[in-house]
Structure formats: C-alpha cells, structure tokens
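Student: Below are the structure tokens for one structure; questions will follow.
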Ligand SMILES: *Cc1c(COP(=O)(O)O)cnc(C)c1O
C-alpha cells in the first residue's frame, strides 16, 4: 500500500498519536494540522534558506580542511591548540569574515559583546546605538543603569548615545546620519539584529545593509558592530557579508545548534578582532593562550547542524504565529513576514493566558517537563517575569523556550525548538490548555 500523507499526519494505525501520548484533543490537533497546511509556502522558503546555509557550512568545512585531530582537547596555556585555531577559521569562513574568536572561555553572549565593546572603545570615544536601548544585560555593561563604579564602559570614560526607533519601529537613518556628522567622537555604530524582549521588528540583513551604507557615506572611521544573537542562519547572508565590521553571538543559541555546551563567537575585521582578543585575555597575548580540556567536537558538530536546527525553529515560530493570528491574537512578526531572527512575540492582553502559555511550553519540553513555572522577581528586571526553559543545555534558547514580563499587554516571547515536532507539540499543548479554540 502506498504511503498517504494525510494518513501519517499524526496518526498511527488510525489513532491520533498526539491524543494517545499527550492527551491533546482531536479538535486541537485538527486545527494545528490545518494551520500547518496554511504555512506550506512559508516553510518552503525556510527550507531554501536552510539549504543554502547548509551548503555554505559544508563548503567551509572542506575549504578549511577540518580533520579528526581538530576535535582534540588542550591544556594549560593552550599553545599550538590547532583545534581552537581551526574552529575560529571555520566560523570566519562561514560568516565571510576576515577573522574570528570562537571560544568556550567566553561565558555568554553578554560577555562576548561586552568584551568586544571594551576591546574597541577608548576613553572619550562614543558608542552610538542606532536601535534604541540595547538588550537588558548590555545596559549594565554600558553603565546605563545599576550602581556606579563597577567598571562599566561609562565608568571608564566611554560615552553612550542612542537613536530611538521611529514611530514605525524602524531605524531613523536621517537622525543617525545627522549625529554621525556632528559628533566626531562616535567610534562605534551599534546594531542589535534581534528584537530581544521588545515589541519591535527584528532587523533583516537588507535593513542592516542600508544602515551600513548610510554610516559609511557619513563616516569611514566608524566601526559597525552587530549584536547578531538569534540571527545566525535565519537568512542567507550574515551582517559581515553586507559590510558590518564585527558580529557577535552566543553558542548556546543558533550557531551551537543545542550541541555546543557553552561559549560565544566574535567575527569580523582582523584588526578589530585582534584588539578584542587583547581584552578577552591580556594585552599582547590575545588568543595565543586559552585551552579547553574537553573535546572541541560539539562546537564543530553544532555549527554543522545549525542551519537545519535554525530552520526547525523558524518553522516553529511560523506555525505559532499563524495559529495565534487565526485565533485572534496580535503577533510579531506575522507568519509570512521576512524574518531576521528566530524569535516570535505573541500579545495575549491577559495575564492568565500568558502564564498558561508559558507553562504549556514548559510542559511540552523534554527536560523538567513536570515543573510548573511561576512569575518571579528576577534581578535586573522591572516587572515580574515568567520563563519556560526545559533544555539540555542550561539557559539555551535555541531549544524550545519562552518568557514574558507579567505586565500589560502580556506579551510572550518564544523561540527555539531543536526540531519542528517539539515546537508543534508546544503549540498544541498551549492551545489545549489555554482553552481558546
Ligand atoms: C541572548 C542575547 C544576548 C546575550 O545574552 P546572554 O544571555 O548573555 O547570552 C544579547 N543580545 C540579544 C539580542 C540576545 O538575544
């Protein structure tokens, strides 16, 4: 008997597997299957992006001649650590950058971004954010909030300026050019690609290209630094391939594919990457030192799997957007909008629905599925937040995860999912438990 697509959609021998294993009603299953059919064309586009990125990655492995010995560990100073050198070269090749630092010694995305800023900026220089307020944890590193005297950029005599997004949530290019022309101390134009936890669009690489062009026209002595977190492989080009000087991202997000256990990368212009390496370890030493007493294998494997895993996350975000759109909620981005990152925002306008949604995502996770998250006063946040994070790698948000500040208009930010099936199960669980169908 030939395989029939409709037969296998969630059914084994006539039984509904979502119902059998997870207690999801036929009504919810049928709704989500219908939503998935509506997403077919968008999914096709995502698969095309994944294909191109996968081929880019395979090409880079071959070009860099990655060998089994590159998985070897190192100890002590890590002199002649070939694995580290090859891994950095591999990332640089994939991102079209001159040079890169890829290191398990970088503790997080924030650590990497902070290191890059401290590495490039000097007292008296001005950092200009062109996307309004940066990601929360960066505000502390810059010195925009919190106590004085703990060594933020501002403590060190670096100045900070920002241009708020315009009324359409877009970068205000005219205002940016104006300030670049009048303030000659501006050294860095800073771009955050992802929406982070703001109700705004993420930047597409095309939009980043427009910003780069405008900055270059106004000034050729300004470095363009992009917080690339959540963005990698969501499009066919990275910001470095449209003229950004430095991109930075976390390995427990997109480029680690849920396999890399920790770390971050910094890639871009060689001269700047070198300066940043002096900040990472010590001036004059840079990446000459730094060992890792475990195998580098998961970093290589993570990069290899990243284009596919990102495509799974994107499909999860798209089906989630479409489902909640059809159920009457406001979502950002819309299911068929061009995406510059893997995050999806859903506006619930209702505290109970937000909490139920986050709890459902936790319930559909593979790790800690029995845990019920509740809102709490997380340090560094103004409002209570609620988070779902049932991941293999602690805090990894390339894995299925969601959170939201418990305040009006009750927006959930959801991202990740190592495979589409898990994203879809999370969606079904949420629709079932929220009782909104
Ligand atoms: C995740 C992220 C960061 C860095 O966060 P860490 O938790 O320190 O890794 C910075 N900017 C954006 C937009 C992010 O999504």
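Student: Quick one: angle between helix 26-38 and the longest Cα principal axis of the chain, in degrees between 0 and 90, rounded to 10, please.
Tutor: 50 degrees
Student: Under the 0.36 nm per residue contour assumption, what length would be gained going from the current alpha-carbon distance of residue 34 and residue 377 to full extension?
Tutor: Values: separation 343, 0.36 × 343 = 123.48 nm, distance 3.87 nm.
So the chain would gain 119.6 nm between residue 34 and residue 377.
Student: In addition: Using alpha carbons only, how many angstrom separate the centre of region 155-209 from the centre of region 107-150?
Tutor: 14 Å
Student: Something else: If you rank 227, 164, 221 by fewest surrounding Cβ atoms within 10 Å, what's the result? Provide the component values of the computation, followed by the final result.
Tutor: Details: 227 28, 164 13, 221 7.
Exposure proxy ranking, most exposed first: 221, 164, 227.
Student: Percent relative contact order of the chain, based on C-alpha pairs within less than 8 angstrom and at least six residues apart?
Tutor: Details: 895 pairs, mean separation 76.2, N = 437.
Worked out over the chain, it gives 17 percent.
Student: Further question: If you take every DSSP beta bridge whose two residues both sit in the chain, what share of them, in percent to the nearest 5, is antiparallel? Spell out each step's value before the answer.
Tutor: On the way: 28 of 44 bridges.
Around 65 percent of the beta bridges assigned by DSSP in the chain are antiparallel ones.
Student: Show me the ranking of peptides 252-258, 72-78, 231-237 by mean Cβ neighbours inside 10 Å, starting with the highest. Before the final figure, lay out the partial values.
Tutor: On the way: 252-258: 28.6, 72-78: 13.4, 231-237: 24.1.
The most tightly packed comes first, giving 252-258, 231-237, 72-78.
Student: Here's a follow-up. For residue 219 and residue 278, calculate 0.36 nm times their separation in residues minus their Cα-Cα distance, and state this gained length in nm to one decimal.
Tutor: Details: separation 59, 0.36 × 59 = 21.24 nm, distance 2.60 nm.
This chain segment gains 18.6 nm when fully extended.
Student: Contact order normalised by length for region 83-221, with contacts defined as Cα pairs under 8 Å and 6 or more residues apart; what percent is it?
Tutor: Taking the mean separation of contacting Cα pairs over the length of region 83-221, I get 22 percent.
Student: Give me the angle, in degrees from 0 to 90, between the Cα long axis of helix 351-363 and the longest principal axis of the Cα atoms of the chain, rounded to the nearest 10.
Tutor: It is inclined by approximately 90 degrees.
Student: Where does helix 205-218 land angle-wise versus the long Cα axis of the chain, in degrees 0 to 90, nearest 10?
Tutor: 20 degrees
Student: Peptides 383-392, 416-425: what's the order by average Cβ count within 10 Å, highest mean first?
Tutor: Values: 383-392: 18.9, 416-425: 22.6.
Most protected by this proxy first, the peptides run 416-425, 383-392.
Student: Along Cα→Cβ, 7 Å out, is where each label goes; now give me the distance between the ones at residue 67 and residue 185 in nm to one decimal.
Tutor: Between residue 67 and residue 185, the label points sit 5.2 nm apart.
Every number here is computed from the coordinates shown, using simple stated rules; none is lab data. Bear in mind that the values here come from a model prediction, so they are computed numbers and not experimental data. Note that we place each Cβ from the backbone using ideal geometry, even for glycine, and neighbour counts take in every protein chain shown.
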